[in-house]
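To start, the structure under review is shown below, and the notes come after it.
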Amino acid sequence: MLRLLPRWMNFLSKHKDPTLPLSGVAVVLLVLVWVFVFVRAQQDQVLIEQAAFGNLRNIARSFKEHTQNTLGGADELLRIVQYHYEKSGDRDFPLLKDYFDNKVLDVRFFNQTGIIDEQGMYVFSNLKKTATKVDLSDREHFKVHLNTYPYGIFISKPVLGRVSQKWSIQVSRRMNNPDGSLKGVAVASFDPNYFTNFHKSIDLGPHGFTAMASLDGGVRTLVEGDRSQIDGALPNLKLPESVGITPLGTFKSDQVFDHVKRLYAFERINNQPLMVLVGMDESDALMEYKSHLRSYVFFGGVMSIFILLFAASSLLLLRRFARINVELKATHDELVVTHRQAQSATDEKLELTQRLTQSEKLAALGQLSAGVAHEINNPIAFVASNISTLQKYLDIYEQILDAQPIAEGLSVDALKSALESVKSLKLQLQYDYVKGDVHPLMMETREGLERVQNIIQDLKNFSRTDVQLTWQMANINHGIESTLNIVNHEFKYKAELALELSPLPDIQCVPSQLNQVFLNLIVNAAQAMDESKRGVLSIRSGVSEDESHVWVEVQDTGCGIAPENLSKIFDPFYTSKSIGQGTGLGLSVSHGIVQRHGGSIEVHSTIGEGTCFKVSLPVIQADQASVQLKS
C-alpha cells in the first residue's frame, strides 16, 4: 500500500483538477463504510430478535406448565366430587361437606366448589353460608355439558358468581347417570388473580402482555404492563391463523389487543382449546439492538469524518504543491532580476524575502508529503487491523453467549452437561486469551488515532500561510517536538534520535518561523546521513549562563561539509544535493529568520564525522517597540 501511495499522488498530480478522482475514491469508501454499518446492524437486529423470541417461548412454556398443573389439580378435585355424586347422589353431600370443612380437599385457590344438577340448579357448595338453590342453567359452563364435551373439563371466561359474588373462572366437568345421560356438572370457581399474579411475577417491561385465551381469541385472563382485567368484558384478541394450526410458535403484530407492536410467543395447553400468549413491546425487546445501532452509526460517522478529512487534506496538499511550483518559478525569476538589479529598494528586498520564506516552507512541505502520508498511514493500518481482530473477538463472544444454557426446564444433569459444553467451547475458542487482549487492542487503537490527530495538527500549524505574523511568548522546545512529528519519516530509517531538551523559559519570537528553521536543520541533517550506515541525530537545547539567551543544537554523524564550502552554505540557491532534493534556499532563509530574531547561527563540521548547527536566540527582543515581524 505504501508503494502505491507515490503512484497515487503522481496520478492525482497529472490531473488539472484532482477533485474528481479524490471525490470518487471518498464516495466509494463512504459507501463501503455505510454498507458495512447497515449490513451489520441488520444482522444484529435478526440475532437480537431471535433471542427475544427464544426468551418469550421459554416464558410461555413456564406459564403453560403452571396453568396445566393448576388445571390438573382442579380436575382431580372435580373427579372426586364426580365420583361421589355419580355413585350416591345427594346422599354424599354431608360427606363432601365434611371433606371441605376439614380441608381434606385443597380449595385454597378456588372461590367456591359445588354441584349443578341436571336442571341447572346449584344444589351444593363448599361455602358454609349459601343461599337457596340458584338457577345456573343459562351459564356457559353448564350449557356446554348438555352435549358431550370433547375436552373433559371446560374453562370459562370470567363471570360474576351468583353464589360467591366474586369474579371467577369456572372449571366444570360433566357427571353422568349409569345410562350415560346428564346427571349434573361439578364446578370449581377459580380466582382469576391467581393466574394474573403469577404472570406479573415476570417483568416484560411497561408494555408487556400475557393472556390465557381460547384459540378464537376469547380472553380468560389478561395482564398488560402492571394492569390486569378479570371482569370478562374484554373483546376477543385478534390472533393470526397460525395460532389455531400449530401447538406453539411466535409472531409479531400490533393488532392483537391495543395496537402496540409486540413480539409474541404462544403455546397451547394440552387437551384444551386454550393457549397462553406472552408479548413484549418491540422497542423494549430490541433495546440492545438500538444500543448496537448507535455504536455502529458512531463508528460510521467517525470513519466518514476521517475519510473526508483525509480527502480534504490530500486535496489541500496537492493544490499547495501546485502553487509551490508556480511560486518557486516566480520566486526564482524574481531573484534573478533582483540579483542583476543590486540597487533595488529596501522595500522590494523585504517583499522578496517574505515570498521566498513562504515558498521555501511550502517547498519543504511538498518534499515531506510522502513521508507525512507514511506516518499517517502506519497508525491507520494497525487501527484497521485491530478493528478486524476486535470483530473476530466479537464473533467469539456471540458464540459463547449463544451457547449459554437456559436453566428453566432443564434437569440438573442436563444443565451440568450444558455448562461443561460452554466451558469446553471457551477453551476451544481461547476465551481467556481473547478477554485479556480486548482492552490492549482498544488502547492501541486509541493511541494510533491520537498519533494521526497530532501529526495533522502539527502539519496545519506548520503550513500556515499568514503574511503578517505576530510576536508572542513561546517555548521553543514545543516547536522542536512539533517539527519532529512532521519530519520523523526523514530520519527514522537512517539514524537514532538523541533528544536532550532542557527546561527553557518562554522567549519572544514568531514560533512558526523558528519551526521552519528547525525543520530545515533536521531535514539537512537526515539527508547528510547514509541509510547503509545508521547514524545518530542529536538535538539539544539549553540556556546561556546569564540566562539572556536560549540555544538549540542539531548535530548529525553524516558526511560533513568541506571547509571550502562552509562559507557558501548560507548563500541563496547554493546546494550540494542532487536535483529534486532541495531548492538551495533552506539555510539561506533560516539564516535570515535567526538574524531577524536578533540571534545567531553557527556551524561546525568535520568531513566523515558530521556537522553541528547551533542556533542562539535572545529571550527578550532588544527592540521592545517592535510588535510585529514579517515572516
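The values are calculated or read from the model by the stated rules, or taken from the named source; none is laboratory data. Just so we're clear, the structure is a prediction, and the values are computed from it rather than from any experiment. For neighbour counting, all protein chains shown are included, and Cβ atoms are generated from backbone atoms with ideal geometry for every residue, glycine included. Keep in mind that these areas ignore ligands, DNA and RNA; they rest on the heavy atoms of the full protein, side chains included. Shrake-Rupley method; radii C 1.70, N 1.55, O 1.52, S 1.80 Å.
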(message) With the crude spin-label approximation of a point 7 Å out along Cα→Cβ, what separation in nm comes out for ALA562 versus ASP90?
(response) 13.9 nm
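Considering only protein heavy atoms, what per residue accessible area in square angstrom results for segment 256-303 with a 1.4 angstrom probe?
That works out to 44 Å² for each residue.
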(request) Could you order peptides 22-29, 175-182 by the average number of other Cβ atoms within 10 Å of their residues, highest first? (result) 22-29, 175-182
(request) Give me the percent of the accessible area of segment 90-202 that comes from carbon and sulfur atoms, probe 1.4 Å, all protein chains in place. (result) 49 percent
(message) Leaving out ligands, DNA and RNA, and with a 1.4 Å probe, what % of the accessible surface on segment 231-344 is carbon or sulfur?
(response) 61 percent
(request) Provide the per-residue ³J(HN,Hα) series for segment 40-50, in order, calculated from phi with Karplus coefficients 6.51, -1.76, 1.60 and θ = phi - 60°, each as a whole number of Hz, with x at glycine and proline positions. (result) 5, 5, 5, 4, 4, 4, 4, 5, 5, 5, 4
(message) If packing is taken as the average count of other Cβ atoms within 10 Å, what order do 110-117, 193-200, 388-395, 85-92 fall into, highest mean first?
(response) 110-117, 193-200, 85-92, 388-395
(request) Report the net charge of residues surrounding ALA41, where surrounding means a beta-carbon distance below 13 angstrom and charges are Lys +1, Arg +1, Asp -1, Glu -1. (result) 0
(request) May I ask for the net charge around GLN170, where only other residues with Cβ less than 14 Å from the Cβ of GLN170 are counted and Lys, Arg are +1 while Asp, Glu are -1? (result) +4
(request) Compute the signed sum of charges (Lys and Arg +1, Asp and Glu -1) over the other residues within less than 12 Å, Cβ to Cβ, of ALA51. (result) -4
(request) Using 0.36 nm per residue of separation minus the Cα-Cα distance, give me the extension gain between ASP258 and GLU531 in nm, one decimal. (result) 90.5 nm
(request) Return the subset of LYS133/LYS166; LYS290/LYS392; LYS64/LYS87; LYS103/LYS183; LYS392/LYS426 for which the Cα-Cα distance in this structure is over 24 Å, preserving the input order. (result) LYS64/LYS87; LYS103/LYS183
(request) Give the ranking of HIS591, HIS259, HIS597, HIS66 by solvent-accessible surface, highest area first, calculated with a 1.4 Å probe. (result) HIS259, HIS591, HIS66, HIS597
(message) Taking the Cα centroid of segment 469-499 and of segment 273-297, what is the distance between the two, rounded to the nearest whole Å?
(response) 55 Å
(message) Which one, GLN112, GLY218, GLN82, is farthest towards the positive end of the dipole of segment 72-220 when Lys and Arg carry +1 and Asp and Glu -1 on their Cβ?
(response) GLN112
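How large is the dipole of segment 520-562 about the Cα centre if only Lys and Arg carry +1 and Asp and Glu carry -1, each at its Cβ, rounded to the nearest 20 debye?
Value, rounded to 20: 280 debye.
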(request) Could you calculate the FRET efficiency of ASP546 with ALA322 from 1/(1 + (r/R0)^6), where r is the beta carbon distance between them and R0 is 51 Å, rounded to 0.05? (result) 0.60
(message) As a test question: what accessible area, to the nearest 10 Å², does LYS133 have when a 1.4 Å probe is rolled over all protein chains in place?
(response) 130 Å²
